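Here is the structure we will look at.
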Amino acid sequence: MGEMLRDVPEFFETELGESIIARTDALGTFRELGPPDLCHIIKTNAKPGVRELGSYHYVSGVDASSSATLAAYLNSLTYSMDDTQSWFSKSNAWRIRSGIYCCFNAFSRVDVRVEVKIPGGVECYFVDVRGERHEATSAIWQETYLSAVLRAILYSDDSYYRLAGYRKIDPITSLNAEAKFLEAVEALFWKGWQLGSKPEIQVATSVHNHLTAGVMKYFGDSFRYGPAIELFQRLQKKDPEVGALLAESYIGANEETKAVKVLYDDLKLASLSYPLLHVQVEFLRSKGKYDMALQLAKYAVNTTPSEFLTWAKLTDVYIDIGDYKNALLTLNSCPMFTYSERDMHRMPAPQKTHLPIKQDIVKSGIMEDDIATREAEPDPNLMRLPAPALHGTFAKAYSLLTRLAAKIGWDDLLKCRSGVFVMEEEYRILKAKEEERKTSFSHSSKSVIQQQESSTPSVQTTTSTQPTTVADQEESTPEEEEKKIKETDAAEEEEEQTQEEKDEAEEKKDQEEAEVVAEKMESVDLNDDEPKASDVPKMDETSLSRPQQAAEESKEGNEASSSAQEASFSFGNKRLCERWLDNLFMVLYEDLRVYTFWRTEAAHYRSQQMPYRKTGTEWELLGDLALRLWHENEARESYEMCLDHKFSAKAWMKLLEIYAKEGNVQKALLAAVKLTVYHERWYHEIVYPTEIACNLNKLIRKEGLSKMQNILTSMNLPRPVQSLITRYFDYGELFKVEGYEF
């Protein structure tokens with residue numbers, strides 16, 4: 001074991017340097033902030049003939065402002081070589097010969113690398129997407145430093161960025177480090193749009209991007225908006241749209257009057273700015289002024305109709321005021337974007353993996369692994385629910401749909417849906433009437449033509465699809481007239497035949513697509529997992545009606561809407577439902593169906609005074625389900641039941657949020673302890689910004705730091721664990737988080 005690092009994760013390479021080659025090859029694929037930093041080391045053995053070993057790990061939070069700081073991190077690993085040899089054995093024969101630290105610069109899209117030879121010199125350079133080396137300039141270093149800090153902030157809790165052997169350390173540990181961060185932000189602020197933005201945003205701007213998201217998360221999680229206000233005041237002079245961030249910071253700092261003044265002044269200068277309008281909309285919503293918020297939200301949609309956010313905000317406001325039909329129509333109009341995964345590179349399979357556990361954690365006796373104890377396979381009905389697979393704009397749209405369902409109930413939501421959208425059944429009736437109309441039209445046309453042939457030439461048909469003027473009628477000879485009529489008849493028959501072919505093709509397409517959806521959204525057979533007790537209730541099939549399919553828009557154009565206008569049978573103001581929204585109704589149906597059965601079954605067991613049993617994993621999935629459907633009490637109960645069966649980091653995190661919101665200090669601290677120990681085991685040594693810190697800061701604001709410290713002391717935790725939790729309080733004191741002084 002002498003070749004292993006102590007307390008640091010490692011992946012051992014099959015071929016020396018293959019991880020560096022893989023990273024270089026992947027450089028051109030990174031689209032946004034880039035992957036975490038890669039630290040690669042080569043170890044050599046004093047014994048002759050022993051092959052050198054290459055290993056690597058991922059890391060974020062290391063100061064990447066110069067080659068010296070990165071070289072210092074590589075040097076620190078020499079002290080982590082496993083020297084736990086017994087007193088009579090020889091010293092460790094393995095030592096680190098060299099190391100390369102790779103840090104992606106998300107502004108210039110290059111990989112900055114520092115190569116250290118131990119003992120020996122330090123070499124630094126950057127590699128471009130073609131794999132060519134260049135000398136790193138001071139401007140490149142500043143960009144690299146800020147890229148690294150933003151990754152550490154934004155990836156600290158990103159549930160979509162789970163990576164084994166990923167070491168996270170604090171990016172900002174002092175007030176001086178914070179000042180350095182703000183200086184870099186100010187210098188590179190106007191380049192922020194180059195980093196990309198959240199998946200719900202189509203076009204990154206100077207206000208909506210990963211840089212501003214990182215700044216707002218960093219200051220928002222500790223409710224310390226002072227430094228952010230000073231920064232945005234300076235930047236706002238160049239662009240009034242920055243007033244959106246300034247106003248948001250003022251509201252966060254409870255200085256609402258100043259926020260309103262900023263919005264008033266900046267909207268006069270940039271009246272088409274949807275970020276400014278949205279801050280005002282949120283402010284009005286918080287004050288219950290929904291009518292005013294509605295006008296502004298509509299205006300924001302008119303100024304920026306191509307962004308998902310503007311339509312989503314308008315949908316939210318419609319739900320606030322209880323205009324559910326317009327909420328559905330607005331949701332249907334949302335422009336949806338394909339979700340792109342976070343930047344990550346594929347590595348060759350490691351020869352072996354070393355994921356050590358710190359001795360202090362092992363000895364504490366409270367470490368639990370996030371793996372299910374021996375339990376039965378979870379219910380497939382829960383496992384195959386489609387909602388958890390939604391990301392980006394689709395996840396946000398689903399959240400709006402579930403909010404709507406929570407407000408009015410499933411049955412009323414379906415009524416509302418069929419009131420505003422053309423349903424498949426209606427569309428079929430429409431098409432049948434269209435066919436009937438065309439057939440009668442064709443017959444009447446032919447009979448008129450036959451009459452014409454037997455009567456005088458002066459008689460004209462009024463049903464011809466080729467209108468003629470009076471002058472034309474007078475000048476036409478009987479032979480020309482007959483020729484025209486025959487041409488018209490042939491054209492009409494051809495058009496009718498083409499239309500029939502189109503209708504048949506579309507019906508076939510509708511049927512095929514309906515079958516595909518039916519396969520995807522397979523009905524949940526709840527009888528498979530029914531308890532054997534004869535008196536267990538069967539789920540009432542009528543209690544939750546399955547949604548009908550909405551009519552689809554054909555690829556050849558708005559055939560349905562044009563047909564609707566032509567036909568005597570009219571849909572009035574009905575619209576076509578987008579396919580993705582139709583699918584989300586099926587997703588919601590599956591969620592509600594499983595949820596309804598769970599609550600019915602649980603109530604029955606309770607009434608019969610029988611124990612209601614589920615596995616730990618099932619309770620966790622039910623907690624997620626309840627939370628998606630806005631049932632927080634049921635979610636809390638499920639997560640607590642889950643923890644009675646097994647350890648679950650997700651359940652503890654959700655409960656920490658709930659306890660912090662309730663002001664339950666004792667339970668919140670217990671959740672923080674469990675999560676901190678778990679994170680420490682998986683090399684998440686970062687204290688701030690994290691969800692744990694954010695929730696503890698909420699309690700410090702409400703209860704005061706002294707009370708929190710006293711409750712922690714009364715928990716009699718093992719010393720190593722207590723010192724881990726104390727770091728959150730030390731952060732609060734050092735950075736003067738609200739509530740630190742009492």
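The values are calculated or read from the model by the stated rules, or taken from the named source; none is laboratory data. These numbers were taken from a predicted model, which means no experiment stands behind them. Don't worry about glycine lacking a Cβ; one is built from the backbone with ideal geometry, like all the others, and counts go over all protein chains shown. Each accessible area value is taken on the protein alone, full model and side chains, heavy atoms only, with ligands, DNA and RNA left out. Shrake-Rupley method; radii C 1.70, N 1.55, O 1.52, S 1.80 Å.
Could you give me the ³J(HN,Hα) list for the stretch 688-696, computed from phi with Karplus coefficients 6.51, -1.76, 1.60 and θ = phi - 60°, whole Hz, x at Gly and Pro?
For the stretch 688-696, the Karplus-derived couplings read 8, x, 9, 5, 4, 4, 4, 5, 5 Hz, x marking Gly and Pro.
For the stretch 108-249, what does the accessible surface come to per residue with a 1.4 Å probe? Please give it in Å².
On a per-residue basis, the stretch 108-249 sits at 40 Å².
Length gain on complete extension for the stretch Gln359 to Ser174, per 0.36 nm per residue less the alpha carbon to alpha carbon distance?
Values: separation 185, 0.36 × 185 = 66.60 nm, distance 2.78 nm.
Contour length minus the Cα-Cα distance gives 63.8 nm.
Given Cβ point charges of +1 (Lys, Arg) and -1 (Asp, Glu) and nothing else, what value in debye, to the nearest 20, does the dipole of the stretch 333-427 about its Cα centre take?
Working: 12 positive and 14 negative charges, 89 e Å.
Once rounded to the nearest 20, the dipole reads 420 debye.
Between Lys438 and Thr14, what is the label-point separation in nm under the 7 Å Cα-to-beta-carbon projection?
6.1 nm
How would Ile169, Ile692 rank on accessible area, largest to smallest, probe 1.4 Å?
On the way: Ile169 35, Ile692 0 Å².
Largest accessible area first, the residues go Ile169, Ile692.
Might you work out the accessible area of His57 for me, using a 1.4 Å probe with all protein chains in place, and round it to the nearest 10 Å²?
The accessible area of His57 comes to roughly 10 Å².
What FRET efficiency would be calculated for the residue pair Lys650, Lys289, taking the C-beta separation as r and a Förster radius of 35 Å, to the nearest 0.05? List each step's numbers first, then the result.
Details: r = 37 Å, r/R0 = 1.05.
The formula returns an efficiency of 0.40 here.
Between Ala602 and Arg133, what FRET efficiency follows from the Cβ-Cβ distance if R0 is 51 Å, with the result rounded to 0.05? Before the final figure, lay out each step's value.
Details: r = 64 Å, r/R0 = 1.25.
It comes out at approximately 0.20.
Per residue, how much accessible area does the stretch 632-742 show when a 1.4 Å probe rolls over the protein heavy atoms, in square angstrom? Show your work: numbers first, answer last.
Numbers: 4460 Å² over 111 residues.
Computed with neighbouring chains in place, this is 40 Å² per residue.
Report in % the part of the accessible area of the stretch 267-316 that belongs to carbon and sulfur, leaving out ligands and nucleic acids; probe 1.4 Å.
On the way: 1290 of 2260 Å².
That fraction is 57 percent.
Could the peptides 103-115, 426-438, 664-676 be put in order, highest first, of the mean number of other beta-carbon atoms found within 10 Å of their residues? Could the numbers behind the result be given before it?
On the way: 103-115: 22.7, 426-438: 15.7, 664-676: 20.3.
Ranked from most to least packed, the peptides come out as 103-115, 664-676, 426-438.
Quote the accessible area belonging to Thr304 in square angstrom, nearest 10, computed with a 1.4 Å probe and with ligands, DNA and RNA left uncounted.
30 Å²
Could you state how much accessible area Glu178 has, in square angstrom rounded to the nearest 10, with a 1.4 Å probe and all protein chains kept in place?
About 10 Å², rounded to the nearest 10.
Suppose the chain between Gln548 and Glu52 were pulled fully straight at 0.36 nm per residue; how much longer would it get relative to their current alpha carbon spacing? Mind dumping the intermediate values first?
Values: separation 496, 0.36 × 496 = 178.56 nm, distance 6.50 nm.
Between Gln548 and Glu52, full extension yields 172.1 nm more.
Ignoring ligands, DNA and RNA, what percent of the 1.4 Å accessible area of the stretch 131-247 is carbon and sulfur? It would help to have the intermediate numbers written out before the result.
Numbers: 2280 of 4530 Å².
For the stretch 131-247, the apolar C and S fraction of the accessible surface comes to 50 percent.
Non-local amide H neighbours of His684 (under 5 Å, H modeled in plane, Pro and chain starts lacking H): which ones?
Correct list: Lys168.
Taking the solvent-accessible surface of protein heavy atoms with a 1.4 Å probe, what is the per residue accessible area of the stretch 19-73 in Å²? All intermediate terms of the calculation are to be shown ahead of the outcome.
Values: 1890 Å² over 55 residues.
So the stretch 19-73 comes to 34 Å² accessible per residue, rounded to a whole number.
How would Val242, Val203 rank on accessible area, largest to smallest, probe 1.4 Å?
Result, largest first: Val203, Val242.
Counting only residues 5 or more places away or on other chains, whose amide H sits under 5 Å from the amide H of Ala550 once H atoms are built in the peptide plane?
Glu424
Considering only the other residues whose Cβ falls under 15 Å of the Cβ of Ala26, what net charge follows from Lys and Arg at +1 and Asp and Glu at -1? Display every interim value, and only then the final one.
On the way: positive: Arg23, Arg31, Arg109, Arg113, Arg130, Arg342, Arg346; negative: Glu18, Asp25, Glu32, Asp37, Asp111, Asp128, Glu341, Asp343.
After counting each charged neighbour, the total is -1.
How large, in percent, is the carbon and sulfur part of the accessible surface of the stretch 612-657 at a probe radius of 1.4 Å?
Numbers: 850 of 1800 Å².
Within the stretch 612-657, the accessible surface is 47 percent carbon and sulfur.
Name the long-range amide H neighbours of Val110: under 5 Å, sequence gap of 5 or more, or other chain; modelled H, no Pro or chain starts.
Excluding prolines and chain starts, which carry no amide H, the hits are Asn105.
What does the extension gain come out to for Glu662 and Asp730, with contour length at 0.36 nm per residue minus their alpha carbon separation?
Details: separation 68, 0.36 × 68 = 24.48 nm, distance 2.37 nm.
Value of the extension gain: 22.1 nm.
Which ³J(HN,Hα) values, rounded to whole Hz and listed in residue order, are derived for the stretch 412-426 from phi using the Karplus coefficients 6.51, -1.76 and 1.60 in 6.51 cos²θ - 1.76 cosθ + 1.60 with θ = phi - 60°, glycine and proline given as x?
Going residue by residue, I get 5, 5, 5, 5, 4, 5, 6, x, 10, 10, 6, 8, 4, 5, 4 Hz, with x marking Gly and Pro.
What's the magnitude of the charge dipole for the stretch 189-300 around its Cα centre, counting Lys and Arg as +1 and Asp and Glu as -1 at the beta-carbon? Answer in Debye, nearest 20.
Values: 14 positive and 12 negative charges, 19 e Å.
My answer is approximately 80 debye.
Rounded if a/c is under 1.5, else prolate if a/b is larger than b/c, else oblate: which is the stretch 46-205, with a ≥ b ≥ c the root eigenvalues of its Cα gyration tensor? It would help to have the intermediate numbers written out before the result.
Values: a/c = 2.13, a/b = 1.84, b/c = 1.16.
Prolate.
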